[in-house]
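First the structure, in the form of C-alpha coordinates, and then the observations on it.
The values are calculated or read from the model by the stated rules, or taken from the named source; none is laboratory data. These numbers were taken from a predicted model, which means no experiment stands behind them. Glycine also receives a Cβ, built like all others from the backbone with ideal geometry; neighbour counts cover every protein chain displayed.
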Amino acid sequence: MDNRIQKEKYKEKILGVLKYSIKFFEKHDIRWFIACGSAIGAVRHKGIIPWDDDIDLYMPRADYNKLISVRDEMLKDGFRFVYLKDEGYPYAFGKVMDNNTTLWQERRFPFNVGCYVDIFPLDLTDIGMMSYSKKWRAFRDLFSLYRVKVSKVSFRGIVDDIKTQKVNTLRLIPAKVFLMFKSKQQILNELLEKEALWNKKAGDRYVSFTEAGMYMFPKDWFEDFVIVPFENLEVRISAKYDEYLTYMYGDYMTPPPEEQRKGDGPHGKVYVNLEQNIPLSNIK
(Lines give C-alpha, C1' and ligand atoms only; values in the text may rest on other atoms or scores of the structure.)
Protein backbone atom coordinates (compact mmCIF):
# COMPACT_ATOMS: atom_id res chain seq x y z
CA MET A 1 0.00 0.00 0.00
CA ASP A 2 1.29 3.47 -0.87
CA ASN A 3 2.65 5.15 2.30
CA ARG A 4 0.49 8.26 1.89
CA ILE A 5 -2.66 6.16 1.46
CA GLN A 6 -1.72 4.03 4.46
CA LYS A 7 -1.21 7.16 6.59
CA GLU A 8 -4.65 8.47 5.64
CA LYS A 9 -6.27 5.10 6.33
CA TYR A 10 -4.47 4.83 9.64
CA LYS A 11 -5.66 8.31 10.55
CA GLU A 12 -9.25 7.27 9.80
CA LYS A 13 -8.81 4.20 12.00
CA ILE A 14 -7.46 6.04 15.05
CA LEU A 15 -10.16 8.69 14.72
CA GLY A 16 -12.62 5.81 14.73
CA VAL A 17 -11.07 4.56 17.96
CA LEU A 18 -11.35 8.05 19.46
CA LYS A 19 -14.98 8.38 18.37
CA TYR A 20 -15.84 5.03 19.95
CA SER A 21 -13.87 5.86 23.11
CA ILE A 22 -15.70 9.16 23.62
CA LYS A 23 -19.04 7.41 23.34
CA PHE A 24 -17.92 4.67 25.74
CA PHE A 25 -16.54 7.15 28.27
CA GLU A 26 -19.74 9.18 28.22
CA LYS A 27 -21.82 6.03 28.73
CA HIS A 28 -19.85 5.21 31.89
CA ASP A 29 -19.34 8.80 33.13
CA ILE A 30 -15.57 8.54 32.77
CA ARG A 31 -13.60 11.80 32.83
CA TRP A 32 -10.97 12.43 30.16
CA PHE A 33 -9.06 15.24 28.40
CA ILE A 34 -7.21 15.49 25.10
CA ALA A 35 -3.51 15.63 26.01
CA CYS A 36 0.10 16.23 24.92
CA GLY A 37 0.67 16.72 21.19
CA SER A 38 -2.97 15.94 20.50
CA ALA A 39 -3.92 18.97 22.63
CA ILE A 40 -1.64 21.12 20.47
CA GLY A 41 -3.33 19.63 17.42
CA ALA A 42 -6.77 20.44 18.80
CA VAL A 43 -5.86 24.11 19.42
CA ARG A 44 -3.50 24.83 16.53
CA HIS A 45 -4.83 22.55 13.76
CA LYS A 46 -8.33 21.61 14.97
CA GLY A 47 -7.29 17.98 14.62
CA ILE A 48 -4.27 15.71 14.50
CA ILE A 49 -0.99 17.54 13.87
CA PRO A 50 -0.34 16.82 10.17
CA TRP A 51 3.01 15.14 10.85
CA ASP A 52 1.83 13.29 13.97
CA ASP A 53 0.44 9.77 14.04
CA ASP A 54 -1.22 9.15 17.40
CA ILE A 55 -3.85 10.50 19.80
CA ASP A 56 -3.20 11.05 23.52
CA LEU A 57 -5.72 11.38 26.35
CA TYR A 58 -5.40 12.05 30.09
CA MET A 59 -7.68 10.31 32.57
CA PRO A 60 -7.76 10.76 36.38
CA ARG A 61 -6.69 7.52 38.07
CA ALA A 62 -10.13 6.81 39.55
CA ASP A 63 -11.63 6.99 36.07
CA TYR A 64 -8.76 4.95 34.63
CA ASN A 65 -9.56 2.23 37.18
CA LYS A 66 -13.25 2.46 36.29
CA LEU A 67 -12.33 1.96 32.63
CA ILE A 68 -10.40 -1.18 33.58
CA SER A 69 -13.45 -2.49 35.48
CA VAL A 70 -15.78 -2.13 32.48
CA ARG A 71 -13.31 -2.82 29.66
CA ASP A 72 -14.77 -6.24 28.79
CA GLU A 73 -17.85 -4.45 27.42
CA MET A 74 -15.68 -3.12 24.59
CA LEU A 75 -15.03 -6.55 23.14
CA LYS A 76 -18.55 -6.99 21.78
CA ASP A 77 -18.07 -3.72 19.87
CA GLY A 78 -14.78 -4.81 18.30
CA PHE A 79 -12.56 -2.73 20.59
CA ARG A 80 -10.30 -3.51 23.54
CA PHE A 81 -8.58 -1.66 26.37
CA VAL A 82 -5.09 -3.01 27.05
CA TYR A 83 -2.87 -2.04 29.97
CA LEU A 84 -0.02 -3.11 32.23
CA LYS A 85 -1.62 -6.30 33.57
CA ASP A 86 -2.14 -7.80 30.11
CA GLU A 87 0.37 -10.55 29.38
CA GLY A 88 3.31 -9.20 27.41
CA TYR A 89 2.08 -5.59 27.36
CA PRO A 90 5.22 -3.39 27.54
CA TYR A 91 3.85 0.08 28.45
CA ALA A 92 2.97 1.75 31.76
CA PHE A 93 -0.12 3.47 30.32
CA GLY A 94 -3.17 2.02 28.58
CA LYS A 95 -4.48 1.98 25.04
CA VAL A 96 -7.96 1.66 23.57
CA MET A 97 -7.42 -0.36 20.39
CA ASP A 98 -9.42 -1.39 17.35
CA ASN A 99 -9.55 -5.14 17.92
CA ASN A 100 -9.94 -5.81 14.20
CA THR A 101 -6.51 -4.38 13.30
CA THR A 102 -2.90 -5.36 13.87
CA LEU A 103 -0.02 -3.09 14.84
CA TRP A 104 3.21 -4.57 16.11
CA GLN A 105 5.16 -1.54 17.32
CA GLU A 106 8.50 -2.76 18.64
CA ARG A 107 10.21 -5.92 17.41
CA ARG A 108 11.36 -7.02 20.86
CA PHE A 109 7.83 -6.70 22.27
CA PRO A 110 5.52 -8.98 20.26
CA PHE A 111 2.22 -7.47 21.43
CA ASN A 112 -0.56 -6.34 19.11
CA VAL A 113 -1.72 -2.84 20.09
CA GLY A 114 -3.86 -2.42 16.95
CA CYS A 115 -4.86 1.07 15.83
CA TYR A 116 -5.06 2.81 19.18
CA VAL A 117 -5.59 5.86 21.36
CA ASP A 118 -3.18 6.28 24.31
CA ILE A 119 -4.66 6.74 27.80
CA PHE A 120 -2.34 8.31 30.39
CA PRO A 121 -3.55 8.18 34.02
CA LEU A 122 -3.35 11.30 36.19
CA ASP A 123 -2.52 10.71 39.85
CA LEU A 124 -3.52 13.14 42.58
CA THR A 125 -0.78 14.07 45.05
CA ASP A 126 0.11 16.55 47.78
CA ILE A 127 3.91 16.26 47.57
CA GLY A 128 6.31 18.34 45.49
CA MET A 129 8.23 17.63 42.31
CA MET A 130 11.50 16.72 44.03
CA SER A 131 9.89 14.12 46.29
CA TYR A 132 7.81 12.68 43.50
CA SER A 133 10.77 12.48 41.15
CA LYS A 134 12.34 9.90 43.48
CA LYS A 135 9.22 7.78 43.14
CA TRP A 136 9.36 8.15 39.37
CA ARG A 137 13.02 7.14 39.13
CA ALA A 138 12.38 4.03 41.22
CA PHE A 139 9.42 3.13 39.03
CA ARG A 140 11.31 3.90 35.81
CA ASP A 141 14.22 1.63 36.75
CA LEU A 142 11.93 -1.20 37.82
CA PHE A 143 9.83 -0.83 34.70
CA SER A 144 12.96 -0.91 32.52
CA LEU A 145 13.76 -4.27 34.05
CA TYR A 146 10.21 -5.47 33.51
CA ARG A 147 10.40 -4.53 29.83
CA VAL A 148 13.60 -6.53 29.55
CA LYS A 149 11.81 -9.50 31.09
CA VAL A 150 8.82 -9.10 28.78
CA SER A 151 11.19 -9.02 25.84
CA LYS A 152 12.75 -12.29 27.02
CA VAL A 153 16.10 -11.12 28.34
CA SER A 154 19.11 -12.90 26.88
CA PHE A 155 22.88 -12.71 27.15
CA ARG A 156 22.85 -11.45 23.54
CA GLY A 157 20.66 -8.56 24.66
CA ILE A 158 23.06 -7.74 27.49
CA VAL A 159 26.01 -7.76 25.08
CA ASP A 160 24.05 -5.39 22.79
CA ASP A 161 23.51 -3.04 25.74
CA ILE A 162 27.23 -3.01 26.46
CA LYS A 163 27.94 -2.16 22.83
CA THR A 164 25.57 0.82 22.93
CA GLN A 165 27.63 2.40 25.77
CA LYS A 166 24.53 4.18 27.07
CA VAL A 167 24.73 5.20 30.73
CA ASN A 168 21.21 4.08 31.62
CA THR A 169 21.53 0.69 29.95
CA LEU A 170 25.00 0.09 31.40
CA ARG A 171 23.73 0.96 34.87
CA LEU A 172 21.04 -1.69 34.57
CA ILE A 173 23.23 -4.51 33.29
CA PRO A 174 23.91 -6.12 36.72
CA ALA A 175 20.19 -6.03 37.45
CA LYS A 176 19.44 -7.55 34.04
CA VAL A 177 21.75 -10.48 34.77
CA PHE A 178 19.97 -10.99 38.10
CA LEU A 179 16.66 -10.56 36.34
CA MET A 180 17.24 -13.68 34.26
CA PHE A 181 16.57 -15.67 37.43
CA LYS A 182 13.66 -13.60 38.76
CA SER A 183 9.98 -14.16 38.02
CA LYS A 184 8.30 -11.73 35.66
CA GLN A 185 5.22 -11.90 37.88
CA GLN A 186 7.27 -10.80 40.91
CA ILE A 187 8.42 -7.69 39.09
CA LEU A 188 4.90 -6.94 37.82
CA ASN A 189 3.51 -7.28 41.35
CA GLU A 190 6.08 -4.73 42.59
CA LEU A 191 5.10 -2.32 39.82
CA LEU A 192 1.41 -2.69 40.61
CA GLU A 193 2.08 -2.11 44.31
CA LYS A 194 3.89 1.12 43.52
CA GLU A 195 1.15 2.19 41.13
CA ALA A 196 -1.54 1.60 43.76
CA LEU A 197 0.18 4.00 46.17
CA TRP A 198 0.51 6.94 43.78
CA ASN A 199 -3.02 8.33 43.74
CA LYS A 200 -4.11 10.12 46.91
CA LYS A 201 -7.67 10.88 48.03
CA ALA A 202 -6.77 14.54 48.41
CA GLY A 203 -4.11 16.75 46.91
CA ASP A 204 -3.48 19.99 45.06
CA ARG A 205 -1.70 18.69 41.95
CA TYR A 206 -1.85 15.95 39.35
CA VAL A 207 1.06 13.87 38.12
CA SER A 208 1.39 12.17 34.75
CA PHE A 209 3.77 9.36 35.55
CA THR A 210 5.07 6.70 33.13
CA GLU A 211 8.37 5.00 32.38
CA ALA A 212 9.04 7.70 29.77
CA GLY A 213 8.78 10.76 32.01
CA MET A 214 6.98 12.65 34.75
CA TYR A 215 4.99 15.89 34.62
CA MET A 216 3.24 17.68 37.48
CA PHE A 217 0.31 20.08 37.07
CA PRO A 218 -1.90 22.14 39.40
CA LYS A 219 -5.07 20.19 40.09
CA ASP A 220 -7.31 22.97 38.80
CA TRP A 221 -5.87 22.58 35.30
CA PHE A 222 -7.87 19.37 35.00
CA GLU A 223 -11.02 20.11 36.95
CA ASP A 224 -12.96 21.79 34.13
CA PHE A 225 -12.95 21.38 30.38
CA VAL A 226 -14.09 23.12 27.23
CA ILE A 227 -15.18 21.47 23.99
CA VAL A 228 -13.09 22.12 20.86
CA PRO A 229 -13.26 20.70 17.32
CA PHE A 230 -10.93 17.84 16.42
CA GLU A 231 -11.14 16.68 12.81
CA ASN A 232 -14.78 15.58 12.43
CA LEU A 233 -15.25 15.17 16.19
CA GLU A 234 -15.42 17.33 19.31
CA VAL A 235 -13.08 16.71 22.23
CA ARG A 236 -12.62 17.81 25.82
CA ILE A 237 -9.57 19.92 26.59
CA SER A 238 -8.53 21.51 29.88
CA ALA A 239 -10.29 24.82 30.39
CA LYS A 240 -6.79 26.08 31.24
CA TYR A 241 -5.22 24.60 28.13
CA ASP A 242 -3.08 27.68 27.53
CA GLU A 243 -1.34 27.29 30.90
CA TYR A 244 -0.96 23.55 30.36
CA LEU A 245 0.39 23.75 26.80
CA THR A 246 2.73 26.65 27.62
CA TYR A 247 4.13 24.66 30.55
CA MET A 248 4.62 21.59 28.36
CA TYR A 249 5.80 23.14 25.10
CA GLY A 250 6.43 26.88 25.45
CA ASP A 251 5.28 28.69 22.29
CA TYR A 252 2.94 25.89 21.21
CA MET A 253 1.20 27.94 18.52
CA THR A 254 4.35 28.19 16.40
CA PRO A 255 4.99 24.99 14.41
CA PRO A 256 8.54 23.60 14.48
CA PRO A 257 10.85 23.98 11.46
CA GLU A 258 10.03 21.62 8.61
CA GLU A 259 13.07 19.44 9.23
CA GLN A 260 11.73 18.70 12.73
CA ARG A 261 8.26 17.69 11.55
CA LYS A 262 8.71 13.97 11.86
CA GLY A 263 6.05 11.36 11.32
CA ASP A 264 5.82 8.73 8.63
CA GLY A 265 2.97 6.56 9.79
CA PRO A 266 2.09 4.62 12.95
CA HIS A 267 4.63 4.74 15.83
CA GLY A 268 6.75 1.70 15.14
CA LYS A 269 5.78 -0.54 12.30
CA VAL A 270 7.28 -3.98 12.46
CA TYR A 271 3.94 -5.04 11.00
CA VAL A 272 0.70 -3.18 10.27
CA ASN A 273 -2.61 -4.57 9.06
CA LEU A 274 -5.52 -2.12 9.06
CA GLU A 275 -8.15 -4.73 8.21
CA GLN A 276 -7.43 -7.81 10.33
CA ASN A 277 -6.31 -8.91 13.79
CA ILE A 278 -3.58 -11.41 13.01
CA PRO A 279 -1.76 -13.46 15.70
CA LEU A 280 1.80 -12.16 15.77
CA SER A 281 3.03 -15.77 15.89
CA ASN A 282 1.75 -16.08 12.30
CA ILE A 283 3.78 -13.08 11.11
CA LYS A 284 7.21 -13.78 9.67
If we keep just the residues of region 68-88 that are in contact with a Phe, Trp or Tyr (Cβ under 7 Å, 6 or more places away or on another chain) and crowded, with 17+ Cβ neighbours inside 10 Å, which is nearest to Phe217 (Cα to Cα)? Tyr83
How many residues are without any contact (Cβ under 8 Å) to a residue 60 or more places away in the chain and part of a strand (DSSP E or B) when one looks only at region 78-89? 3
Filter region 1-20 down to the residues that are without any contact (Cβ under 8 Å) to a residue 12 or more places away in the chain and part of a helix (DSSP H, G or I) and list them by number. Arg4, Ile5, Glu8, Glu12
In region 196-209, which residues are in contact with a Phe, Trp or Tyr (Cβ under 8 Å, 6 or more places away or on another chain) and either without any contact (Cβ under 8 Å) to a residue 12 or more places away in the chain or not basic (Lys, Arg) (or both)? Trp198, Tyr206, Val207, Ser208, Phe209
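Yes or no, residue by residue, for (1) assigned to a helix (DSSP H, G or I); (2) among the small types (Gly, Ala, Ser); (3) more than 15 Å from Arg31 (Cα to Cα):
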position	(1), (2), (3)
Arg44	yes, no, yes
Ile49	no, no, yes
Asp53	no, no, yes
Met59	no, no, no
Ile68	yes, no, no
Met74	yes, no, yes
Tyr91	no, no, yes
Phe120	no, no, no
Leu124	no, no, no
Return yes when Tyr116 is touching a strand residue (DSSP E or B) at 6+ places or on another chain (Cβ under 7 Å) and either modelled with pLDDT of 90 or more or basic (Lys, Arg) (or both) and no when it is not. yes
If a residue must be assigned by TED's automatic domain parsing to the domain that holds Lys269, free of Cβ contacts under 8 Å to residues at least 40 places away in the same chain and under 25 Å from Asn282 (Cβ atoms), how many such residues does region 93-150 contain? 2
